[in-house]
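For reference, the structure is listed below as structure tokens.
The values are calculated or read from the model by the stated rules, or taken from the named source; none is laboratory data. Predicted model, so just to flag it, every value in this text is computed and none were measured. Reconstructed Cβ throughout: ideal geometry from the backbone, glycine too, with neighbour counts over all protein chains shown.
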Amino acid sequence: MRYGQHAPAFGNASARLNVTPWVKRLLIANAVVFLITLAVGRDPVFDLFAFSPGGIWSRPWGILTYMFVHAGFWHLLMNLLFIFFFGPPLESRWGSTVFIKFYLICGLGGVLLSFAFSDSAIVGASAACYGIMLAFAMIWPTTNIYIWGILPVRAKWLVIFLVAVSFASAIGPARDGVAHLAHLGGAVAGFLMMKSGLLPSYAAAPAAARDRGPGATGTRMGRGRGAGKSRTRGWPRTARGTGSRSRRGPRRRWSVQSGGASAARKESARRHAEGPRKAELDKVDAVLDKISSRGIDSLTAEERDLLDRVSRQTRTN
């Protein structure tokens, strides 16, 4: 499974993945716990670290530790793939602290739904994985996910399909040993977190940046490097009457007839108003470059406020 950037504005056809700090820790932790399970045996590990509704008071740590225990190799592999592909774009966008909190809350959502409607013990990171998949699809809905590296499916349709299957299996007579309620709990928790406003406001980038897809955190927000160069500088070609322009000399000279003074004043006022906006966008460019090179956790409070302010202005416009 891999993902590619769908819209032409994204740039390259394939997204570039970098394993972010908490994604790396999660991959290592899950793999290490699985190796310990193989060495010690499933029963003692499950008894001690799985989440069981009946043992919530005797082993309360199970509400967290169950996320790192897996029933088999394929169970582990699928969850590691989900973390590896969907985790880095979210952690790069939100920062490590917000990402790991979101991940754990989605895992707790799986516990809550299982505790409410089932008496079976659960293991695995699937609830947290469903949460980060749903968050990815909400931020980058049109990004293509390549199943087994071949079949392209848009992120939103893939997540809708997986959640629908889990829902149908949870309410149906399925007895496949899969904790479908935990999957649903993780997805519901992720959805509520995305809609609650509890995530930092700078995590919800303006539409121009959001549409660029994963890996675009450090790209320009709302304009490219050379966007200003493509604009026509100087006076308008005509101004209510007829005008003539001389191309001779280092500067453009205009002979403006009736109405020209009024048009010139409007143009001058427009250019004057654009000055502060351009300076602010240049600052945003510098902040986005910093995020790209050093991560969002490196931002100062002033830089976060700048992104927050520009994000609100863009949504208002």
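Using the structure shown, decide if residue 164 is without any contact (Cβ under 8 Å) to a residue 40 or more places away in the chain, touching a strand residue (DSSP E or B) at 6+ places or on another chain (Cβ under 9 Å) and within 29 Å of residue 98 (Cα to Cα). Break it down into steps so the answer makes sense when it comes.
Details: without any contact (Cβ under 8 Å) to a residue 40 or more places away in the chain: yes; touching a strand residue (DSSP E or B) at 6+ places or on another chain (Cβ under 9 Å): no; within 29 Å of residue 98 (Cα to Cα): yes.
Against the criterion (without any contact (Cβ under 8 Å) to a residue 40 or more places away in the chain, touching a strand residue (DSSP E or B) at 6+ places or on another chain (Cβ under 9 Å) and within 29 Å of residue 98 (Cα to Cα)), residue 164 does not qualify.
Which numbered condition in (1) farther than 20 Å from residue 62 by Cα; (2) in a helix (DSSP H, G or I); (3) under 23 Å from the mean Cα position of the chain (by Cα) is the only one that residue 170 fails?
(3) is the only condition that residue 170 fails.
So is residue 83 within 27 Å of residue 191 (Cα to Cα), of a type in the set (A, V, I, L, M, F, W, C) and at pLDDT below 95 or not? Give the steps one after another, and end with the answer.
Numbers: within 27 Å of residue 191 (Cα to Cα): yes; of a type in the set (A, V, I, L, M, F, W, C): yes; at pLDDT below 95: no.
Taking the combined requirement at face value, the residue does not satisfy it.
If I ask for residues that are among the aliphatic types (A, V, I, L, M), surrounded by fewer than 17 Cβ atoms within 10 Å (Cβ to Cβ) and touching a Lys or Arg at 6+ places or on another chain (Cβ under 9 Å), which ones from segment 21-59 would you list?
48
Just one of 124, 62, 109 is at positive phi and surrounded by 17 or more Cβ atoms within 10 Å (Cβ to Cβ); which is it?
Working: 62 fails: at positive phi; 109 fails: at positive phi.
Result of the check over 124, 62, 109: 124.
Quick check on my filter: what residues within segment 127-142 are touching a His at 6+ places or on another chain (Cβ under 7 Å) and buried (at least 24 other Cβ atoms within 10 Å of the Cβ)?
Going through segment 127-142, the residues touching a His at 6+ places or on another chain (Cβ under 7 Å) turn out to be 127, 130, 142.
Within segment 127-142, 127, 130 qualify.
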